[in-house]
Amino acid sequence: MLTGFFFYPILTSMRFTRKKITRFVLVLASLYVIIGVIIYFIQDILLFHPKPLSKEHKYAFTLPFEEINLPVEERNLNIIQFKPDSAAKGVVLYFHGNMKNIERYASITPLFTSEGYEIWMMDYPGFGKSTGKRTEVNIYSDAATLYGLALKKFSADQVIIYGRSIGTGPASHLASKQTFKKLILETPYYSIDALAKNYFPIYPVQLLSKYSFPVGDHLKNVKSEVYLIHGTDDEVVPYSQSQKIKKENTSVHLISIKDGKHNNLAEFELFRITIRKLLYE
């Protein structure tokens with residue numbers, strides 16, 4: 001009798017503790033699921049930060065340019081063609097990052113036009129004057145349209161494909177399908193899944209992601225020369241993403257910008273020298 005009386009509080013406490021642990025685990029599991037659902041539904045917001053422009057918007061670029069609006073499957077594809085002062089040696093098809101629209105990236109164009117190249121930029125669906133649903137398939141399709149337009153003016157060996165950040169996805173996909181001179185990827189990721197895993201390591205990102213953009217896999221099917229340019233202190237797309245690509249694709253050239261971050265590589269002399277060299281070759 002006394003023994004039972006002695007152990008009763010302990011047993012009661014243990015049952016109470018198990019209930020608390022069970023409740024805690026259920027709360028954690030619920031939070032895990034809720035956060036996973038949120039990640040799934042807001043991934044477009046996480047990946048893309050577009051700034052739409054009205055079709056009446058007038059661009060005020062300092063360099064000579066031509067604006068083209070192409071109807072593509074009931075969507076509008078807006079393209080800006082920046083021109084050098086003299087006859088063009090070729091064309092750089094530039095697939096920009098995930099912010100705003102072409103206006104944000106136009107400041108880089110003199111680096112290319114000064115070397116005698118036209119540089120063509122397209123906006124992704126929902127960016128600038130480009131309209132329609134933004135999907136990986138539609139972005140790939142628009143990239144192919146841009147390439148086809150380039151071949152009406154230039155030969156394939158005059159075409160350089162350039163991708164920056166999110167743009168390395170469509171750039172590498174296009175390069176895996178077409179003939180061209182060389183491919184340059186600035187701050188590339190191995191894939192969206194690999195990049196997401198860096199931010200959300202405890203989630204099955206392959207199941208949650210609407211986008212794949214498998215840059216590393218695309219590069220395995222690229223026959224021309226490939227150059228990666230990446231800052232060692234990139235705070236958005238870790239430098240390790242380029243290292244992973246390089247490890248699996250030994251023929252790829254990796255140019256490392258010491259102390260470079262995600263949005264300041266153009267400030268480094270090594271970056272500018274590298275671009276001029278690649279355009280000259």
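Observations on the structure shown:
- With the simple spin-label model, which puts each label point 7 Å out from Cα in the Cβ direction, the LYS258 to GLU67 separation comes to 4.5 nm.
- The length gained on full extension between ILE273 and SER86, counted as 0.36 nm times the residue separation minus their Cα-Cα distance, comes to 65.2 nm.
- Two-site FRET efficiency, ASP233 against THR135, from Cβ-Cβ distance with R₀ of 30 Å, rounded to 0.05: 0.40
- Most positive-pole-ward Cα, MET121, SER86, VAL137, against dipole of the range 49-280 from beta carbon charges: VAL137
- Within the range 49-280, percent of DSSP bridges classed antiparallel, to nearest 5: 30
- Point-to-point label distance, GLU74-GLN243, nm (Cα→Cβ direction, 7 Å offset): 4.8
None of the figures in this text is laboratory data; all of them are computed from the coordinates on show. All values reported here derive from a predicted model rather than from experimental measurement. Glycine also receives a Cβ, built like all others from the backbone with ideal geometry; neighbour counts cover every protein chain displayed.
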